[in-house]
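**Student:** My structure is below; once you've seen it, I'll send some questions.
The values are calculated or read from the model by the stated rules, or taken from the named source; none is laboratory data. As the structure is a prediction and not an experimental result, all values here were calculated from the model. Cβ coordinates were reconstructed from backbone atoms using ideal geometry, including for glycine residues, and neighbour counts include every protein chain displayed. Side chains included, ligands, DNA and RNA excluded: accessible areas come from the protein's heavy atoms. Shrake-Rupley method; radii C 1.70, N 1.55, O 1.52, S 1.80 Å.
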Number of protein chains: 2
Amino acid sequence: VPNALAPIGVFDSGVGGLSVVRALRRALPHDDVLYLGDTARLPYGSKPLAMVRGFAAESAAYLVDQRVKAIVVACNSASAAALPALAETIPVPVWGVVEPGVAAALAARRGGAVGVLGTTATIESNAYQSRLGRAGVPNWGRACPLFVPIVEERLADTPIAALVAEHYLFDRPADLDTVILACTHYPALAPTLGRLLGERVQLVDSAETTAQVVASELRSAGLVAPGPGPGRVRHLVTGDTDVFRHTAAALDWLAGEVSPLPLSELARSRSGVRA
Amino acid sequence: VPNALAPIGVFDSGVGGLSVVRALRRALPHDDVLYLGDTARLPYGSKPLAMVRGFAAESAAYLVDQRVKAIVVACNSASAAALPALAETIPVPVWGVVEPGVAAALAARRGGAVGVLGTTATIESNAYQSRLGRAGVPNWGRACPLFVPIVEERLADTPIAALVAEHYLFDRPADLDTVILACTHYPALAPTLGRLLGERVQLVDSAETTAQVVASELRSAGLVAPGPGPGRVRHLVTGDTDVFRHTAAALDWLAGEVSPLPLSELARSRSGVRA
């Protein structure tokens, strides 16, 4: 039985999904959030889709075992690899960031082509491009594996980032008018991409739109926590808790206590769901 | 009891350690090699030292369970994080790539400073710099997190690599005469680094030296396989076997069959050794 007081489960390979949590908390201030960061196995974006799909299945099953009322896949690579198939095997509502990102791009678009910049996993999955294609929108996707390490090295606003962005975008369509930043790290590159693409091109980030979709659908289902107190956030991480705490705090995205989650427990919960 | 017919165990986070295997096979053509690539948890170089140390302990314990006669840690990050402490808990000889790399640099050096380029884990461990310092050699280390993705993106010989190399090396010592490429990916950047540093600076790569050290010490211990047949190589990988096979083959480093190794088995063998 769905329980409005249960937490919303959110998972990602690292800290990036906390941008979705921040937006979720603004939309649903009384809801608890259980955030799972699989930092021992990050990055997901450079790994094969089947492997990412397996990681996502483990995280989702673990969150179900923790009795969450709904799950948000706050990672583009995992959303692209695992959805919509994952939603069919999981007994609570599951949202990814791909559909909301596409919806935001369709709203922002002014008749030209839509570009998708993402990890290798996200672009190879074709998840964004196929949805845009079905909506009749000319589209163009490019995997940008250097963007995440450039952001993590704090080089997002340097000539290195500009040269790498030129490299990835050199053959973009002439009528590009909207670009989906299909990775939670990429909004940091917005100034560099803006200079390269010009003001005519709009950059779309899915964190905010995803939170709006989740809030609206939980509200329709009567599954929003009533308050009055503020919701509590707990972070579980498969890697080093200090590093997670430090990185999340540096981004001003740390929202609660951080506890370790051994990978062996993730694997266990997955087989539990399968059996 | 040590057994000359047992395989040599080699582990790394990915395919890079196969450069050490190639050198080992030239030095010890009749020896079997059991290679463990922990591709599900790569990269190691951007993760905390304590985490990398844990991963290395698991791989070493697993290889001991497989009855290897010796272990080569063919990953700079794992060698820097886990050695020499790991060698004290493991009942077979263990070699890393750090000591051989330092020895090669000391042999190549002509009186100036020695530079060390490596992953964040390798440089933060201070493993190379402290050994060079104890040998009385002026030294300088720099973490280069963008180098691995640049090599993997096949951009090693492009203006992007040149700009990134300038960024990392801009404050190198004026008397630098030797640079240790302290990551198995970095030899691909030798042309770019050579252009930046000039012919005066020698680049040192530890794969060959490590194989020489291992061969010589196994020979002294009477632990070399006598032949006459060629040694057999088996690869075990924690991630996707097809991707490993494809990447290793593209580098011309694939040397035998590739089988999956579930992470749960690695974790199990670690607790076995600890108990």
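**Student:** I'd like the residues of the stretch B:231-260 whose 1.4 Å-probe accessible area shrinks by no less than 30 Å² going from the isolated chain to the full set of protein chains.
**Tutor:** Residues passing the criterion (a loss of at least 30 Å², heavy atoms only) are B:Asp240.
**Student:** Once A and B are treated as a pair rather than alone, how much accessible area drops out, both sides summed, in Å² to 100, probe 1.4 Å? Intermediate results must be reported in sequence, preceding the final value.
**Tutor:** On the way: alone 12080 and 12070 Å², together 22230 Å².
Chains A and B together bury approximately 1900 Å².
**Student:** Calculate how steeply helix B:206-220 sits against the longest principal axis of the alpha-carbon atoms of chain B, using the helix alpha-carbon long axis, and give the answer as 0 to 90 degrees to the nearest 10.
**Tutor:** Relative to chain B, helix B:206-220 is tipped by roughly 40 degrees.
**Student:** Add +1 for every Lys or Arg and -1 for every Asp or Glu among the other residues with Cβ under 13 Å from the Cβ of B:Ala74, and state the total. Can you show the working numbers first?
**Tutor:** On the way: positive: B:Arg22, B:Arg25; negative: B:Asp12, B:Asp38, B:Asp205, B:Glu208.
Every neighbour counted, the sum reads -2.
**Student:** Rank these residues by their accessible area, most exposed first, probe 1.4 Å: A:Leu169, B:Leu49. Before the final figure, lay out each step's value.
**Tutor:** Working: A:Leu169 0, B:Leu49 40 Å².
Ranking A:Leu169, B:Leu49 by accessible area, largest first, yields B:Leu49, A:Leu169.
**Student:** Quick one: longest stretch of chain B between exposed loop trypsin sites (Lys or Arg not before Pro), exposed meaning at most 11 other C-beta atoms within 10 Å and loop per DSSP? List each step's numbers first, then the result.
**Tutor:** Values: sites that count: B:Arg110, B:Arg154, B:Arg200.
Answer from the scan: B:1-109.
**Student:** Along the charge dipole of the protein assembly as shown, Cβ charges K/R +1 and D/E -1, which of B:Val97, A:Leu254, A:Ser59 sits furthest on the positive end?
**Tutor:** A:Ser59
**Student:** Here is a follow-up. Once you put a point 7 Å from the Cα of A:Arg234 and another 7 Å from the Cα of B:Ser216, both along the Cβ direction, what distance in nm separates them?
**Tutor:** Label at A:Arg234, label at B:Ser216, 5.6 nm between them.
**Student:** Further question: Round to the nearest 10 and give me the degree value, 0 to 90, for the angle of helix A:98-108's Cα axis relative to the longest principal axis of chain A.
**Tutor:** 40 degrees
**Student:** In degrees, nearest 10, range 0 to 90: what is the angle between the Cα axis of helix A:159-169 and the longest Cα principal axis of chain A?
**Tutor:** 80 degrees
**Student:** A further question on this structure: Kirkwood Rh and Cα-based Rg: tell me the resulting Rg over Rh for the stretch A:172-275, rounded to two decimals. Provide the component values of the computation, followed by the final result.
**Tutor:** Values: Rg = 19.2 Å, Rh = 17.8 Å.
On the Cα set of the stretch A:172-275, Rg over Rh gives 1.08.
**Student:** If you don't mind, there's one more thing I want to ask. Grab every C-alpha pair in the protein assembly as shown, bin the distances at 20 angstrom width from 0 up to the longest one, and report whole percents.
**Tutor:** Histogramming the protein assembly as shown at 20 Å steps yields 21, 51, 25, 3 percent.
**Student:** Based on the alpha-carbon gyration tensor of the stretch B:179-230 and its eigenvalue square roots a ≥ b ≥ c, which shape applies: rounded if a/c is under 1.5, prolate if not and a/b is larger than b/c, or oblate? Spell out each step's value before the answer.
**Tutor:** Details: a/c = 4.08, a/b = 2.90, b/c = 1.40.
It comes out prolate by the Cα gyration axes.
**Student:** Tell me the Rg and the Dmax, in Å, that the Cα atoms of chain A produce.
**Tutor:** Reported Rg and Dmax, both Å: 18.1, 54.
**Student:** Here is a further query. Leaving out ligands, DNA and RNA, what percent of the accessible area of chain B is carbon and sulfur, probe 1.4 Å?
**Tutor:** 53 percent
**Student:** Going by accessible area, probe 1.4 Å, with all protein chains left in place, what is the ranking of A:Ser46, B:Ser259, largest first?
**Tutor:** Of A:Ser46, B:Ser259, the descending order of accessible area is A:Ser46, B:Ser259.
**Student:** What FRET efficiency would be calculated for the residue pair A:His167, B:Thr89, taking the C-beta separation as r and a Förster radius of 51 Å, to the nearest 0.05? Provide the component values of the computation, followed by the final result.
**Tutor:** Numbers: r = 46 Å, r/R0 = 0.90.
The pair A:His167/B:Thr89 has a calculated efficiency of 0.65.
**Student:** For a test of the definition: using alpha carbon positions, the gyration tensor, and the 1.5 limit on a/c, classify the stretch A:67-171 as rounded, prolate or oblate. Walk me through the intermediate numbers first.
**Tutor:** On the way: a/c = 2.38, a/b = 1.42, b/c = 1.68.
Oblate.
**Student:** Would you calculate, for chain B, the mean residue ellipticity at 222 nm contributed by helices, counting each DSSP H stretch of 4 or more residues as -39,500 (n - 2.57) and dividing by all residues, to the nearest 500?
**Tutor:** Numbers: 13 runs with 126 residues, N = 275.
The per-residue figure over chain B is -13500 deg cm²/dmol.
**Student:** Might you work out the accessible area of A:Leu5 for me, using a 1.4 Å probe with all protein chains in place, and round it to the nearest 10 Å²?
**Tutor:** Counting only protein heavy atoms, the figure is 120 Å².
**Student:** Give the calculated FRET efficiency between A:Ala190 and B:Asn3 to the nearest 0.05, with a Förster radius of 56 Å applied to their Cβ-Cβ distance. Walk me through the numbers on the way to the answer.
**Tutor:** Values: r = 60 Å, r/R0 = 1.07.
My answer for the efficiency is 0.40.
**Student:** Take B:His30, B:His235 and sort them by solvent-accessible surface of the protein heavy atoms, 1.4 Å probe, largest at the top. Mind showing how you got there, number by number?
**Tutor:** On the way: B:His30 70, B:His235 0 Å².
These residues rank, largest area first, as B:His30, B:His235.
**Student:** Kindly report the accessible area of the stretch B:131-195 per residue (heavy atoms of protein chains, probe 1.4 Å, no ligands, DNA or RNA), in Å². Intermediate values should be presented prior to the final figure.
**Tutor:** Numbers: 2690 Å² over 65 residues.
Roughly 41 Å² per residue, with all protein chains present.
**Student:** Run the numbers on the stretch B:147-164: which residues show a drop of 30 Å² or more in accessible area, chain on its own versus all protein chains together, using a 1.4 Å probe over heavy atoms?
**Tutor:** When all protein chains are present, B:Pro149, B:Glu153, B:Leu155, B:Ile160, B:Leu163 each give up 30 Å² or more of accessible surface.
**Student:** At 1.002 mPa s and 20 °C, plugging the Kirkwood radius over alpha-carbon pairs of the stretch A:3-123 into Stokes-Einstein gives what diffusion coefficient in µm²/s?
**Tutor:** Working: Rh = 14.8 Å.
Roughly 145 µm²/s, to the nearest whole number.
**Student:** Another question, if that's okay. Using protein chains only and a probe of 1.4 angstrom, how many square angstrom of A:Thr184 are accessible, to the nearest 10?
**Tutor:** Spelled out: A:Thr184, probe radius 1.4 Å, area about 30 Å².
**Student:** Considering only the other residues whose Cβ falls under 11 Å of the Cβ of B:Ile8, what net charge follows from Lys and Arg at +1 and Asp and Glu at -1?
**Tutor:** Details: positive: B:Arg25, B:Lys69; negative: B:Asp31, B:Asp32.
Neighbour charge sum, excluding B:Ile8 itself: 0.
**Student:** Now, a different point. How would you classify the stretch A:87-243 from its alpha-carbon gyration tensor, with a ≥ b ≥ c the square roots of the eigenvalues: rounded for a/c under 1.5, else prolate if a/b is greater than b/c, otherwise oblate? Don't skip to the end; give the middle numbers.
**Tutor:** Details: a/c = 2.00, a/b = 1.37, b/c = 1.46.
Verdict is oblate for the stretch A:87-243.
**Student:** Give me the accessible area of B:Tyr186, 1.4 Å probe, in Å² rounded to the nearest 10.
**Tutor:** Probe radius 1.4 Å; accessible area of B:Tyr186 about 0 Å².
**Student:** Pick from A:Gly227, A:Gly112, A:Gly16: which is most flexible by mean-square fluctuation in a GNM of chain A where alpha carbon atoms under 10 Å apart are linked?
**Tutor:** A:Gly227
**Student:** Here is a further query. Testing the spin-label approximation: label points 7 Å from Cα along Cα→Cβ at A:Arg245 and B:Glu199. State their distance in nm.
**Tutor:** Taking the two extended label points, one gets 5.5 nm.
**Student:** Can you tell which of A:Gly239, A:Gly229, A:Gly101 shows the greatest fluctuation in a Gaussian network model of chain A with Cα springs below 10 Å?
**Tutor:** The residue with the greatest mean-square fluctuation here is A:Gly229.
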